[in-house]
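> Before we start, here is the structure in question, set down as structure tokens.
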Amino acid sequence: MSRNVKAIVITGNGTNCEREVATACRLAGADCDVVHIAELLAGRVRLDGYHFLNLAGGFLDGDDLGSAKAGANRLRHAAVHGSSETLADQLQQFIAAGKLVMGVCNGFQLMVKLGLLPALGGDYLTQSATLTHNDSGRFEDRWCELVADSDSPCVYTRGLDRLYLPVRHGEGKFVADAATLAAIESGHLAALRYTDAEGRPTMDYPQNPNGAMNAIAGVCDASGRLFGLMPHPEAYVQRTHHPRWTREPQLPEEGMGLWLYRNAINFLREAVL
């Protein structure tokens, strides 16, 4: 039986990080295709031919209607050519098959607007949270300290503790009502949080670059297989991506962001292939 993990990165309509994500997947050990959404809507490519779906960062539809909202409507309502099936239908089948979905930045916004996260009670169709404008009122482009929740079911952060990754977004503030936030906390679905230099979750700016509630930087569903985060792991997969690589010769050759992709690939080899 083949042990090759097949990853797909969807591009089009404003994404701009697809090549970096594809490189991260390949470095982590997967075969990876970058596929334009038009190919999926035309029916020439199907999600069921893959194991690991990646929704990359960018500015879907120029963030008209709010970040990723127009993109979410497209996936939910646009029919695949020659059928009544939508890409949202394929997504539901993909999730039911036990496969992995990861959204970064705009991809995280897309997953939340679609209802794929936090998907409380296994409901992947109803939006229950959002990502909105940063409290600073400006686009944030900086590196952030993060901490992973060791009790989270998140496949991607298994065995990880502290991370250092860049953010670059204008609408990264995670917001949910009190009941949803309580359910996220009780289920340990907030897999990543913004922290201060000592690793303590913080609401202070700029360590928390957007004012996200409970310092939430990344969220998974209860299965741990669906994960979205505002920081960009694909932007730190080798030492030369680090902002201080010329001043810190002790940095390892492998960047911290690669760890998330390797966890995903290893999970698929063990549990799906």
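> Among the residues of region 135-153, which ones are closer than 21 Å to GLY187 by Cα and assigned to a loop (DSSP other than H, G, I, E, B)?
In the first step, residues of region 135-153 are kept if they are closer than 21 Å to GLY187 by Cα; the result is 146-153.
Of everything in region 135-153, those that are closer than 21 Å to GLY187 by Cα and assigned to a loop (DSSP other than H, G, I, E, B) turn out to be ASP149, SER150, ASP151, SER152, PRO153.
> For VAL104, indicate whether it is in contact with a Pro (Cβ under 9 Å, 6 or more places away or on another chain) and crowded, with 18+ Cβ neighbours inside 10 Å. Don't jump to the end; show me each part of the working.
On the way: in contact with a Pro (Cβ under 9 Å, 6 or more places away or on another chain): yes; crowded, with 18+ Cβ neighbours inside 10 Å: yes.
Yes: the conditions hold for VAL104.
> On to the next question. Report those helices (runs of 4 or more DSSP H) wholly inside region 38-126 carrying at least 1 residues which are within 24 Å of ALA264 (Cα to Cα) and at pLDDT 95 or above.
Details: elements: 69-77, 87-96, 106-114.
Result: 87-96, 106-114.
> Select from region 30-66 the residues that are farther than 18 Å from GLU234 by Cβ and in contact with a His (Cβ under 8 Å, 6 or more places away or on another chain) and list them in ascending order.
Listed by number, the residues that qualify are LEU41, ALA42, GLY43.
> Starting from residues that are surrounded by fewer than 19 Cβ atoms within 10 Å (Cβ to Cβ) and under 17 Å from the mean Cα position of the chain (by Cα), keep the ones in region 129-142 and report whichever is farthest from GLY58 (Cα to Cα). Let's see the steps before the verdict.
Step one: list which residues in region 129-142 are surrounded by fewer than 19 Cβ atoms within 10 Å (Cβ to Cβ), which gives 130, 132-133, 135-139, 141-142.
Pick out the ones that are also under 17 Å from the mean Cα position of the chain (by Cα) and you get 130, 132.
Working: THR130: 17, THR132: 15 Å.
This residue is THR130.
> Would you mind finding the one in GLY211, GLY218, GLY172 that is surrounded by 16 or more Cβ atoms within 10 Å (Cβ to Cβ), modelled with pLDDT of 95 or more and touching an Asp or Glu at 6+ places or on another chain (Cβ under 6 Å)?
Working: GLY218 fails: touching an Asp or Glu at 6+ places or on another chain (Cβ under 6 Å); GLY172 fails: touching an Asp or Glu at 6+ places or on another chain (Cβ under 6 Å).
One residue alone meets the criteria, GLY211.
> Additional query: Tell me the residue from VAL34, VAL21 that is closer than 28 Å to ASP141 by Cβ, part of a strand (DSSP E or B), at pLDDT 95 or above and in contact with an Asp or Glu (Cβ under 7 Å, 6 or more places away or on another chain), please. Let's see the steps before the verdict.
Numbers: VAL21 fails: part of a strand (DSSP E or B).
Answer to the check: VAL34.
The values are calculated or read from the model by the stated rules, or taken from the named source; none is laboratory data. Quick caveat: nothing in here was measured; it's all calculated off a predicted structure. No Cβ is skipped: glycine too gets one built from the backbone with ideal geometry, and neighbour counts run over all protein chains shown.
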